[in-house]
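S.K.: Got a structure here, written out as structure tokens. Questions coming.
Bear in mind that the values in this text are calculations on the coordinates, not laboratory data. A quick note: this is a predicted structure, and the numbers were derived from the prediction, not measured. Backbone-built Cβ (ideal geometry, glycine too); neighbour counts: all protein chains shown.
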Amino acid sequence: MTNPILADWRTPFDIAPFAQIGDDDFAPALDLALAAHNAEIEAIAGNPDTPDFANTVEALEAAGEQLDKVLSVFFTVAGADSNPRREALQREFSPRLAAHYSNISANKDLFRRVAELWSRRKELDLTDEQQRVLMLTHRGLVRAGAALEGAEEKRMKEIKARLATLGTAFTQNLLADERAWFMPLAEDDLAGLPGFVVDAARAAGREKGADGPVVTLSRSLIVPFLQFSPRRDLRETAYRAWAARGANGGETDNRKIAAEILKLREERAKLLGYPNFAAYKLETEMAGTPERVRELLMQVWEPARARAEADAEAMTEMLRADGVNGPLEPWDWRYYAEKRRKAEHDLDEAALKPYLQLDRMIEASFACANRLFGLEFKPLDVPLYHPDCRAWEVTRNGRHLAVFVGDYFARGSKRSGAWCSAMRAQAKFPKEQTPVVINVCNFAKGDPALLSYDDAKTLFHEFGHALHQMLSNVTYESISGTSVARDFVELPSQLYEHWLEVPEVLSEFATHAETGEAMPQELLDKVLKAANFDMGFQTVEYVASALVDLAFHDGPAPADPMAAQAEVLAEIGMPHAIGMRHATPHFAHVFSGDGYSSGYYSYMWSEVMDADAFAAFEEAGSAFDPERARALEDYILSTGGSKEAEELYLAFRGRLPGVEALLKGRGLIAA
């Protein structure tokens, strides 16, 4: 019987036929796909004809179609709807895939062909895009270890395989801790909690099979609980559990895994001739060097810490007024910040939340994309991997552009956080293909589902990534969509967040869940005025994580990452009442894979640009200025990685920005 993953997908827009695919199909499909890809690689490497762009680089671009199908389906469900069988498969697949790609980069005949093309690149009469793909192919092979020989080559393969195993273990340990912990709440414990938090706690209790409401470690539930619960003892219990993810001892403890990952990354970098992993990783990013990253982070750290310390003093006075004599603690911050926001801005999250319905915020994100780029979204009735998922066809002027999938609700089978991925990326070679893009979030379920303001920003953020995929217009998949420098990839997502705060967007789509009335102008003014409230806290918790990540990789790997983390925090003067956004044992950005390792700073690097990029619309007189929108699509959203990131931004804006726009945007210096 034909494996449903590898068969022709006779579905609308060639979406994976999830309803026909079972967990037992993945392993045999992977076996067949790996064998097929190996045969394709051997045919390219062993081609007796003189290397040219078509028979080598384009042949590599065309290879691996079956493998792409298997991995796109598997990793979609493994991240968003896992189960014990899928977790076991992930542990099995990770080292096999690492070995597979290591063998490709170690194929000397293949590397010789690419290297020969690279040496003759000026004679080849290639387009700019082809030149770019050739450069990236050659550079990727070299950085993967293609030029290594003998024992060094063998060791590189071992390191990659081990890193793949460790990254999977780190992710699954974190998911296990998040899934296992919950705190039952008696009816008396619900006192002081707004209705939307109570509803979310009851829904979480049903999902956990508990007798009543519970608090889980889902951000969409634990954060509002910490904001609103007057029970300091319960806040402390919940916060400590949240902070301890991955560090609870036993089989799911991630601390030794993190130490081994850092050691192996350092060894990998040195095998390739770099002094440390940060130097290796940042070579291909906009920042270029660890020194430039640290300079940016410290420029932001000092004013952010000053703001946070002033805020801590004000909240300590509130703590004293409540009869507590000890210091302000991390489980106090959100509670007193919320009280302070209500007092200073007369803004109550509980009053705001009914206006931020999930469905209306989805409509808002679509409407902005329509006004900016002419995109239209039509609901699709197609089988997906979970009943919570929804799909839309994306068109422009009647032409199909993409399929967009939204998976918005938290559940125990889904890893934490929010992300965007392409189940299929845009390309024109070897055949025309349109993208299938997915946004995955972890919002609390409700009827209707209500978002916090941060949740709404997350929705817009991930949709910004989706636009980068949907509007991609390049020839080769390897440079399509979000295949750009890590410190550039967050520009479209963070830039799109700004449209949530455009007054006309909120006034149209922020409608009350019960009455249907638009958000009153008075409340809208308060929301916008309070946009930078508690920005000292938000900036400090983020920058501290980025500085720890950089310190881990810029120098010898620490034998004890927790001790190294403590040293960095002490050196920068981390405020007592603020925890890192991602402490080492649950720092999935850095330890689940190499994606954001030595690169967590990239959100802030991109924010320097996004603050300046949105200012271009403001200078044009409208957040929906058609000329600026066209430039944004032409120079950034449609171009993928076809040019260097700096070149793309200069084409859009005419100059590179300084950090001042970011500091002003966050309200950390006077505008």
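S.K.: Any idea what diffusion coefficient the stretch 364-412 gets from Stokes-Einstein, in µm²/s, Kirkwood Rh on alpha carbon pairs, 20 °C, 1.002 mPa s?
M.R.: 181
S.K.: Distance in nm between label sites at Ala616 and Glu267, each 7 Å beyond Cα in the beta-carbon direction?
M.R.: A separation of 4.5 nm, rounded to one decimal place.
S.K.: From the phi angles alone, apply the Karplus equation (6.51, -1.76, 1.60; θ = phi - 60°) to the stretch 88-102 and give each ³J(HN,Hα) in whole Hz, x where the residue is Gly or Pro.
M.R.: 5, 4, 4, 5, 6, 6, 4, x, 5, 5, 4, 5, 4, 6, 5
S.K.: Seen from all sides and averaged, what is the projected area of the convex hull of the Cα atoms in the stretch 183-229, in nm²?
M.R.: With every direction weighted equally, the projected area is 2.7 nm².
S.K.: Right, another one. Give the distance, in whole Å, between the Cα centre of the stretch 338-387 and the Cα centre of the stretch 110-136.
M.R.: 45
S.K.: How big is Rg to Rh over the stretch 312-415, alpha-carbon atoms, Rh as the Kirkwood inverse-mean-distance radius?
M.R.: My calculation puts Rg/Rh at 1.21.
S.K.: Restricting to bridges with both residues inside the chain, how much of the DSSP beta-bridge set is antiparallel, in percent to the nearest 5?
M.R.: Beta bridges within the chain, antiparallel portion: roughly 80 percent.
S.K.: Please list 3J(HN,Hα) in residue order for the stretch 196-203, calculated via the Karplus relation 6.51 cos²θ - 1.76 cosθ + 1.60 where θ = phi - 60°; whole Hz, with x for glycine and proline.
M.R.: 3J(HN,Hα) across the stretch 196-203, in whole Hz: 5, 6, 4, 4, 5, 5, 5, 5.
S.K.: Something else about it: To the nearest 10 degrees, how steep is helix 219-228 against the longest Cα principal axis of the chain, on a 0 to 90 scale?
M.R.: Taking Cα atoms only, the helix is inclined about 20 degrees.
S.K.: Pairing the Cα long axis of helix 108-119 with the longest principal axis of the chain, what angle in degrees results, from 0 to 90 and rounded to the nearest 10?
M.R.: 90
S.K.: Please work out the C-alpha center-to-center distance from the stretch 408-422 to the stretch 212-249 and express it in whole Å.
M.R.: Their Cα centres are 19 Å away from one another.
S.K.: Using only the alpha carbons, work out the radius of gyration and Dmax of the stretch 55-212 in angstrom.
M.R.: Cα radius of gyration and Dmax of the stretch 55-212 are 24.1, 78 Å respectively.
S.K.: While we're looking at this one, here's another question. Any chance you could list the semi-axes, whole Å, largest first, of the equivalent ellipsoid that the Cα gyration tensor gives for the stretch 208-344, using √(5λ)?
M.R.: Largest first, the stretch 208-344 gives 38, 24, 13 Å.
S.K.: Determine, for Met535, Met361, the number of other Cβ atoms within 10 Å of each Cβ, and report the residues in order from fewest to most.
M.R.: If I rank by nearby Cβ atoms, fewest first, I get Met535, Met361.
S.K.: Counting other beta carbons within 10 Å of each Cβ, put Arg360, Arg235 in order, fewest first.
M.R.: In increasing order of surrounding Cβ atoms, one gets Arg360, Arg235.
S.K.: Give me the one-decimal Kirkwood hydrodynamic radius in Å for the stretch 459-535, with the sum taken over alpha-carbon pairs.
M.R.: With all distinct Cα pairs of the stretch 459-535 included, I get 14.7 Å.
S.K.: Right, next: Considering all projection directions equally, how large on average is the shadow of the alpha-carbon convex hull of the stretch 600-639, in square nanometres?
M.R.: That works out to 3.0 nm².
S.K.: Which residues in the stretch 411-428 have a backbone N closer than 17 Å to a point placed 7 Å from the Cα of Asp23 along the Cα-to-Cβ line?
M.R.: 412-415
S.K.: Can you pull out the trypsin sites (Lys or Arg not before Pro) in the stretch 430-530 whose DSSP state is coil and whose Cβ has at most 12 other Cβ atoms within 10 Å?
M.R.: Lys431
S.K.: So for each of 293-303, 370-380 I average, over its residues, the number of other beta carbons within 10 Å; can you give me the resulting order with the highest mean first?
M.R.: With the highest mean Cβ count within 10 Å placed first, the list reads 293-303, 370-380.
S.K.: Expected output is a single nm value to one decimal: the length gained when fully extending between Arg139 and Ala670, i.e. 0.36 nm times separation in residues minus the C-alpha distance. What is it?
M.R.: 186.8 nm is the gain from fully extending Arg139 to Ala670.
S.K.: Taking the chain as the region of interest, what is the percent of Cα-Cα pairs per 20 angstrom bin, listed from the shortest bin to the one with the maximum distance?
M.R.: P(r) for the chain, in whole percents per bin: 17, 54, 27, 2, 0.
S.K.: Moving on. Any chance you could give the angle, 0 to 90 degrees and rounded to 10, that helix 535-553 forms with the longest Cα principal axis of the chain?
M.R.: Its long axis makes an angle of about 40 degrees.
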